[in-house]
Each structure stands twice: as structure tokens, then as C-alpha cells.
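Reading through the C-alpha cells given below for one structure.
The values are calculated or read from the model by the stated rules, or taken from the named source; none is laboratory data. Here the structure is a predicted model, which means the values were calculated and not measured. FYI the Cβ positions are ideal-geometry reconstructions off the backbone, even for glycines, and counts take in every protein chain you see. SASA here: full protein model, heavy atoms, side chains in, ligands and nucleic acids out. Shrake-Rupley method; radii C 1.70, N 1.55, O 1.52, S 1.80 Å.
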Amino acid sequence: MSLIRIFHNGRELRAGWRLLIFCGLVFATGYAMNAVLRQLRLPEYPGLHPVGTIVDDAVLLATALIATAIMARFERRSLAAYGLPRMRELFGRLFWIGAVWGLAMPSAIILLIFLGGGYHVHGLNVSGAELLKFGGLWLLANLFIGFTEEILFRGYFLYTLADGVGFWVAAIFEAIGFGALHYFTKPHERWEDWFAVTLLTIFITLALRRTGNLAFSIGMHAAFDFAFLYVFSGMNGGEFAVGRLLNVEFAGPAWLTGGLLGPEASWFTFPAAIAATVLLHLKYRQAKWPAPAKD
């Protein structure tokens, strides 16, 4: 094999090298933006606070968009080729359909935990102006989470990985890797959260494959996290969200409630995610992204 073939496949730079450049751009841009933020000396928000989440994810989102835009210019592709929704699609029909799925899944999981005796509500955690303030802040924070994580992990990254190894190999690798990222970077992690995140990522990736862009996945991701963190007021990484809606108690074993990881790590998440994936497969049958190739 010639030296040129190591780097070039005859059509463009090989997928592995493009991914390496993209990851380098993400790390370099993120480092630079965080350096600027440190100079600004913004106030710190301890705990699982919506403002801290908004700031962190805004930086990550900007980093992902800059890196993706540079690669799009280099490859002479549109951002839409990587699954990013066009402006008119950002909060269009698919976004809201995804949001409905994202609310339905946590609702089903919490219902099952409740029926198992593991979920008890003891009234509101906040009221009045605080309720409106934190409700709005957590809604915005979870929108940022949805946009950031989907664009960073399921946009250019998944597109290029699929170009190199095929869509479904890339999808499984990405799902396991996203679960591993949670497992190795968050406190109190257990195998249940890794497995649950992997299953949920497969659902999200299938949604991208069948709907044609990330609008559905962003809506689903944002609503899913908003429901668990704020509406049902579950834990995440050993912490309750600051300003959460309800004063709740999760009683029982960790397999039932998710323990310190919150209801996402409940064993009930497994059948909920699998059932949702099957239903999604039956509802949306045609592959639309990255191309209507073998499904």
C-alpha cells in the first residue's frame, strides 16, 4: 500500500484521519474557550445547578459547532449532511414529536418504580417565583444538553465514523462509547447506567437514521433529561437538581430506583428503552441518514 493510500481513499481523506482532526479541533477550541471563561471569573454555581449547566453546555455547543463548521468547509459539505437540522427544522414537527417520546419514556419508568413502591412525592420543592425561575432555567439547561450532546456525539462524529466502518457498526460503537463516557466520568457509576445509556443511545441513533436529521433526537434528549431531573426530580450523579420541582423520596433497592444515579439507572429503563426502539422501528421504516443505504 502506498503512503498516499494510508491517508487518502481515492475520494477524500480517510475517515479515521478526519475524525482525528475533528477531535483535535474540539479539544483545542474547548481549551481556548475555557481559558477565556477563566479570565472572566464568572460566579460559580455549586451542585447540580441549571446556570452552571447552561454555561458548561453553551461552551461545549459552541465548540462542537465551530469544529463541525471547519470540517464542513474542509470537506465541502453542508452542515445538514452531518444531520444538523436546518433553521426551519430546529423547533419543527420532528423536534416536538421527539419531545413527546422524551416525556413518555421517563413517565413510564417512574410509573413502574411507583408501582414497585419506590417513588413517593412529599409536595413541591419550590413554589411561587422560585418555581417559575427554576422551571425556566432547567428547561433552557436541558435544551442546551440536548443540542450539545446530539451535535457533538451524533453529528459529524457519527457521520464520519459511519463513512469509515458502516452505519450500524458505528452506531453500536458510539452507543457503547457514550455509555462508557458516563460510566468513567460521573460519580457513583454502576453498570446499570452504562447499559441504560447504551440502549437509549441506540434509540436516539435509530431516530436520526430514520428521520433524516437530529431534530427528533434533540427534542427527545432534552425532554427526557428535563423530565427526570426537574419534573420527577430524580438524582443524577448522587445529586438532586437545585430548584427541582418536587420533594421526592426514592425508596427501595438500587435496581428499582437507580439509587444515587437516579431513575435512568433503574432496571425498568431497560425494557422501556427496548420497547421504544421497537416502536420507533415500526413507526419510521425508511433509512434517511446518512444515505438510504443498507439498513
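Considering only residues in region 170-188 that are over 14 Å from the mean Cα position of the chain (by Cα) and open to solvent by 10 Å² or more (accessible area, probe 1.4 Å), the one that is nearest to Gly98 (Cα to Cα) turns out to be Ile172.
Examine region 85-95 for a residue that is modelled with pLDDT under 95, aliphatic (A, V, I, L, M) and surrounded by 12 or more Cβ atoms within 10 Å (Cβ to Cβ), and state whether such a residue exists. Yes. Name the residues in region 122-157 that are of a type in the set (A, V, I, L, M) and either modelled with pLDDT under 95 or in a helix (DSSP H, G or I) (or both), would you? Val126, Ala129, Leu131, Leu132, Leu137, Leu139, Leu140, Ala141, Leu143, Ile145, Ile151, Leu152 - these are the residues of region 122-157 that are of a type in the set (A, V, I, L, M) and either modelled with pLDDT under 95 or in a helix (DSSP H, G or I) (or both). Among the conditions (1) free of Cβ contacts under 8 Å to residues at least 12 places away in the same chain; (2) open to solvent by 30 Å² or more (accessible area, probe 1.4 Å); (3) in a helix (DSSP H, G or I), Gly52 misses just one, which is (2). Just one residue in the set Arg88, Arg11 is out of contact with any helix residue (DSSP H, G or I) (no Cβ under 8 Å at 6 or more places or on another chain), over 30 Å from Met235 (Cβ atoms) and not in a helix (DSSP H, G or I); that residue is Arg11.
Within region 34-48, one or more residues are touching a Gly at 6+ places or on another chain (Cβ under 8 Å), in a strand (DSSP E or B), surrounded by 15 or more Cβ atoms within 10 Å (Cβ to Cβ) and modelled with pLDDT of 85 or more. Taken over region 189-203, the residue count meeting the criterion of being open to solvent by 10 Å² or more (accessible area, probe 1.4 Å) and either part of a helix (DSSP H, G or I) or in contact with a Ser or Thr (Cβ under 9 Å, 6 or more places away or on another chain) (or both) is 8.
Residues of region 249-266 that are surrounded by fewer than 20 Cβ atoms within 10 Å (Cβ to Cβ) and not charged (D, E, K, R): Ala251, Gly252, Pro253, Ala254, Trp255, Leu256, Leu260.
Taking region 154-169, which residues are farther than 11 Å from Ala81 by Cβ and open to solvent by less than 40 Å² (accessible area, probe 1.4 Å)? Answer for region 154-169, where residues must be farther than 11 Å from Ala81 by Cβ and open to solvent by less than 40 Å² (accessible area, probe 1.4 Å): Arg154, Leu158, Leu161, Ala162, Gly166, Phe167. Going by the structure shown, is Leu60 open to solvent by 40 Å² or more (accessible area, probe 1.4 Å), under 28 Å from Tyr230 (Cβ atoms) and part of a helix (DSSP H, G or I)? Taking the combined requirement at face value, the residue satisfies it. Residue count for region 5-28, restricted to those that are farther than 20 Å from Arg76 by Cβ and at pLDDT below 95: 2.
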